1. Consider Trp296 against the criteria (1) over 13 Å from the mean Cα position of the chain (by Cα); (2) hydrophobic (A, V, I, L, M, F, W, C); (3) crowded, with 17+ Cβ neighbours inside 10 Å: it satisfies all of them except one. Which criterion is unmet?
2. Would you mind stating whether Glu185 is outside any loop (DSSP other than H, G, I, E, B) and among the charged types (D, E, K, R)?
3. List, please: which pairs have Cβ atoms under 6 Å, are six or more places apart or on different chains, and start with a residue in the range 166-183 that is over 15 Å from Val146 (Cα atoms) and end with one that is among the polar types (S, T, N, Q) and surrounded by fewer than 21 Cβ atoms within 10 Å (Cβ to Cβ)?
4. With respect to Arg239, determine if the residue is out of contact with any His (no Cβ under 6 Å at 6 or more places or on another chain) and under 24 Å from Arg120 (Cα atoms).
5. At least 1 residues that are surrounded by fewer than 20 Cβ atoms within 10 Å (Cβ to Cβ) in each: list the strands (runs of 3 or more DSSP E) lying fully within the range 78-162 that qualify.
6. Going by the structure shown, is Gly254 on the phi > 0 side of the Ramachandran plot, touching a Lys or Arg at 6+ places or on another chain (Cβ under 6 Å) and buried (at least 16 other Cβ atoms within 10 Å of the Cβ)?
Amino acid sequence: MVAQVSSSASSPHRYVIIGNGVAGNQAAEGLRERDPDGLITIITNSRMLFYNRYLLPQLFRAHQDWRALLAYPPGHYEKHRIRVLRDCWVTAVDSRKRQVMLAHNEAISYDTLLVATGGRPYLPEELVECRHLIHPFGTYEHALAVRKALPENGSVVMLGGDMIGLDLARTLLDLSYRVILVTHENTFWPHQPVGEERSKFLAILQKMGLEVVDGDAMGGVVAIEKGAAGLPERRVRFRQGGDIYGDIVMSFYGLSPLVEFMMKSGTDIERGLLVGTNLRTSDPHIYAAGDVCQIWSEKDNVYRFYYGHRNVRAMGAVAALNMTGGNEHFSTTQDEALFQNEQGHIDSPFWAYD
């Protein structure tokens, strides 16, 4: 067992965490436990404190005050002396000066930095110009907007259908909404079923009540438009002709790591920040955890992403240990196989949030 760190009274260690999700908050808890005197700062672009985004589909079941989604009571951060800077946008990290640069020109100094920004929803390039006609679903505010835009028993055209989207879809189906899934190579992301296995899971989705449209057979989505008078609000057009209508259109094509602000930091980046199993980047003072990092896999001989609530939480714990002098290594215990549950529905270990 590695001994706990004790910062000197004259110069407490400065820990800065970029990102206010599962990994960042798990790390903050571990840092405070191991370094009672350290200065811990969380920087987030959200206006809200940490809340469980996996619970957002539940907003469709009943009106829910945002405070009910908070992972911790508001006094948690004050009690543990964790400073949270909300509604702050990181523009760059200066690794030479060890500073995090914010959009409002403030610079936050660190001794050790953890990047836990996760990812943003990926949108194919051909749909970028249609972004304003697509309802996002990454925040509490987004979820409320979707709920407001959907009429009773209304219809959702779901593009892609990653596991985040399919989690929402099963809730909507339970509440008698219509869900039309336009398939894509990222359907089931981050799972990657192929061939007969993919066909099997698509058939299960249909049995669950989703209307499945083969997006590849239609040449892919070419445009999203406002619906004509007397028709639903949105029209989705396909490259090879044909269209479908829905009250709203949502895209779920997986996530892209949020790393742009790290481009001039000097750390190694592929799609995400490259880290060893100790979660340290190529800069000894910078660590990364969660969906933003690619971790070296001896088994696969490649840097790879690890998804799921359990994996991300474990990364936050490992990062905290190593940022305070430990030598722990991340190893996944998450089953990654998509499966059919006892009810005959699709299920995923990535839907396990305990």
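Where a number appears in this text, it was derived from the coordinates with a stated rule and is not lab data. Since this is a predicted model, take the numbers as computed values, not measurements. Cβ: placed from backbone, ideal geometry, glycine included. Neighbour counts: every protein chain shown.
1. (3)
2. Values: outside any loop (DSSP other than H, G, I, E, B): no; among the charged types (D, E, K, R): yes.
Criteria not met by Glu185.
3. Ser176/Asn153
4. Values: out of contact with any His (no Cβ under 6 Å at 6 or more places or on another chain): yes; under 24 Å from Arg120 (Cα atoms): no.
When the stated conditions are applied, Arg239 does not pass them.
5. Working: elements: 82-85, 90-94, 99-102, 107-109, 112-115, 119-121, 155-160.
In the range 78-162, the matching strands (runs of 3 or more DSSP E) lie at 82-85, 90-94, 99-102, 107-109, 119-121.
6. Working: on the phi > 0 side of the Ramachandran plot: yes; touching a Lys or Arg at 6+ places or on another chain (Cβ under 6 Å): no; buried (at least 16 other Cβ atoms within 10 Å of the Cβ): yes.
No.
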